[in-house]
Structure formats: C-alpha cells, structure tokens
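Down below is the structure, laid out as structure tokens.
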Amino acid sequence: MSHYQWYPGHMTKAKRMMQENMGLIDLVIELVDARVPFSSRNPDIDELGKNKARLILLNKADLADAEANRIWMEHFRGKGYHVLETNAKSGQGLKAIHGVVREACREKIERDRKRGIKNRPIRAIVVGIPNVGKSTFINSFAGKACTKTGNKPGVTKGKQWIRMDRELELLDTPGILWPKFESEEVGKNLALIGSINDEILEMTQLASDLIVYLLEHYREQLACRYQIDDPDDGMTPLAVLTHICGVRGCYKKGQEPDYEKAASVLMDDFRSGRMGRITLELPPDVGGSADYDEIEETEP
Ligand code: G4P
C-alpha cells in the first residue's frame, strides 16, 4: 500500500525519472483504476509518452461495473489507444497483453525489419498514479519465470529490464505519475477509491458523497447490501447511515448512532468490492461526468 504526500519535489523527481528513461522506451503501459479511469489518469503522460506506442490497462476491472468497463474501452480506443481490462491481482486479462503489445508496436517491428534489425525486443515502462496496481501488475505479469537482464546505459542506476519473452522487456520500476487534484470531483473520486490517506479525510462526508452517487446509480446494490427495503428518491445520506448503524450495530455508549463507524463500514464495503462492481464516472461522450475540458488545462 502506498502512503504518499504529494509535494513539488516528489513530482519533479518522478517526472525526471520518466523523462530519463523515455528515450529507451518503445511502449508505455499506463495503468488506470477502472472505477475512475478519468480521475486516475494524469494528462502529462500524453506529453511524456508522445511518439511511443500506448497501451492503457483498465486495472481493478474486477471492482468496476462490467458495462462501464466496456464503455471506457470503447472510449479509449476511439482516442487511439490500445486498451485492455485487467485484474493484476488475480492475473485475469494479462495473457492478452502480448498480442496487443505486438499490435501496438507494429510500426516499430516493421521499421526494425526494414533496417535488418532482428530480435530487438520491445521495451516497455509501466506508469500510473499511486495505488492503481503498478507493482502488483509487474509482479503478476513478469511472474517468477522471467530473467532480469543487466543494466543498460542510460537507465537510472539500479533499474533493470525484466525479459518477458523474446519480444518484450519491461522496466522493473514503474513510473509514478502524480494525481491531478485540481478539480474537486477528481479529488473526491480519488478519495473514494482510497487513494488519499484517510487520516486527512472526513469519513462521514466522504461516505455521504458516496451514498448520493449510489442512490442515483447503484441503488439496488446499496439496498441489497444493507437490507434497505424501499430506498426512495427522498432518502438522505444521513438516513442511509442511520440505517447502516442499525443493521451493523454501530452505536456509541447510550445507543447513540456512531456515524463515523457506519461510514467506514460503507467505505470498506465499497472499496473491497463487497457491495458489488461499481464505477464512479463515465466518459462525456455517454453523458458522464469525466470533465475533459478540465484535463486539457491542467498543469502539474
Ligand atoms: P501501485 O504500485 O500502483 O502503488 O499499486 P499496488 O500494486 O501497490 O496495488 C495497490 C493495491 O491494489 C494493493 O492492495 C493491490 O493488491 C491492489 N490491486 C492491484 N491490482 C488489483 C486488481 O486488479 N484488482 C483488485 N481487486 N485489487 C488490485 P493492498 O490493499 O495495498 O494490498 P493487498 O491487501 O491486496 O495485499
């Protein structure tokens, strides 16, 4: 689990590491969290990764709404990226990567062939904001069978290439991108999925925000999880939290409802997937809230 604080020094270092390595890279494998594919991206990756083959992995796809995953795949494809759904934890979806990598790097492979270069592997870097599953992905994808090749000139000292097969090498250290906190909506989404330290968050407020969203988009899943018989339009977040206090026995001394506790029960259930598969944002082309005007203006 990553614990981090974002301050300019961190960002500069992360960016420098990426810039230094980028010259050696053919392919950028960008992980996003499938529950918030827009909020968990940083637009600077487009600048950093320009002229590279690009693959987006909708990771934690197991936690996100299957239909929403399909919509996001289509959306990213429409923007010219190669894209796959993955579950880095279980390994699901990882097998398909090799084929897509070959497809994404077709131009490079063709260029090499014309120049008479044979068997030069595709070199890839894994990037993403903290907590999207970069380390888990590298471990699952590379597995135990792989061999590490030696250091190569130009790669930051200590960096190693993991040889996946004859065709693909992966840099063993992921590139960390900084989240874009400028928009309130994005900050909220990142907090909801647990990408911001909970100590600095007001849990009941966060839970209330989640309840508002669930009542609108995933009412049945919410009702089912906490045996709410008839959740109507007028139901307030406070009423839902009070109900959770009842069914989960969240009380302080003197039978006073413990809203903080109910809030953390709800957040835990959501983040772990126990409430079912839930996506928090959809692309604008299907009327979703992901705000692309904002992204274009965002600076690190
Ligand atoms: P990072 O390098 O990008 O910072 O992320 P990292 O791999 O540390 O993964 C962050 C958390 O997300 C880990 O959970 C990891 O197990 C989980 N995770 C990664 N990929 C997936 C996925 O596709 N599906 C699901 N459901 N979870 C995923 P953790 O709570 O920190 O550790 P653990 O309790 O799972 O060991």
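The values are calculated or read from the model by the stated rules, or taken from the named source; none is laboratory data. Keep in mind that this is a model prediction, so the values were computed, not measured. Positions of Cβ are backbone-derived with ideal geometry, glycine not excepted, and every protein chain shown enters the neighbour counts. Only protein heavy atoms, including side chains, enter the accessible area calculation; ligands, DNA and RNA are left aside. Shrake-Rupley method; radii C 1.70, N 1.55, O 1.52, S 1.80 Å.
General observations
- As a summary of the residue check, Gln221 satisfies the conditions (1) out of contact with any strand residue (DSSP E or B) (no Cβ under 8 Å at 6 or more places or on another chain); (2) surrounded by 19 or more Cβ atoms within 10 Å (Cβ to Cβ) except for the one numbered (2).
- Residues located in segment 47-76, provided they are touching a strand residue (DSSP E or B) at 6+ places or on another chain (Cβ under 6 Å), open to solvent by 10 Å² or more (accessible area, probe 1.4 Å) and away from the ligand (no atom under 14 Å from the Cβ): Lys52, Ala53, Arg54, Met73
- Of the criteria (1) without any contact (Cβ under 8 Å) to a residue 60 or more places away in the chain; (2) open to solvent by less than 70 Å² (accessible area, probe 1.4 Å); (3) of a type in the set (A, V, I, L, M), which one Leu238 fails: (2)
- Test: Gly93 is within 8 Å of the ligand (Cβ to nearest atom) and either modelled with pLDDT of 95 or more or crowded, with 22+ Cβ neighbours inside 10 Å (or both): no
- Subset of segment 96-108 that is exposed (fewer than 13 other Cβ atoms within 10 Å of the Cβ) and among the charged types (D, E, K, R) - its residue that is farthest from Asp62 (Cα to Cα): Glu107
- The set of residues in segment 77-89 being near the ligand (Cβ under 10 Å from one of its atoms) and open to solvent by less than 30 Å² (accessible area, probe 1.4 Å) consists of Thr86, Asn87, Ala88.
- With a requirement of 2 or more residues that are charged (D, E, K, R), more than 16 Å from the ligand (Cβ to nearest atom) and not assigned by TED's automatic domain parsing to the domain that holds Gly133, the helices (runs of 4 or more DSSP H) lying completely within segment 157-263 that satisfy it span 184-192, 203-217, 219-225.
- Count - residues of segment 109-137 that are crowded, with 17+ Cβ neighbours inside 10 Å, more than 9 Å from the ligand (Cβ to nearest atom) and of a type in the set (Lys, Arg): 1
- Selection within segment 203-221 - hydrophobic (A, V, I, L, M, F, W, C) and over 13 Å from Met267 (Cβ atoms): Val212, Leu215
- Elements of type strands (runs of 3 or more DSSP E) contained in segment 1-117, each with 1 or more residues being without any contact (Cβ under 8 Å) to a residue 40 or more places away in the chain: 53-59, 82-85
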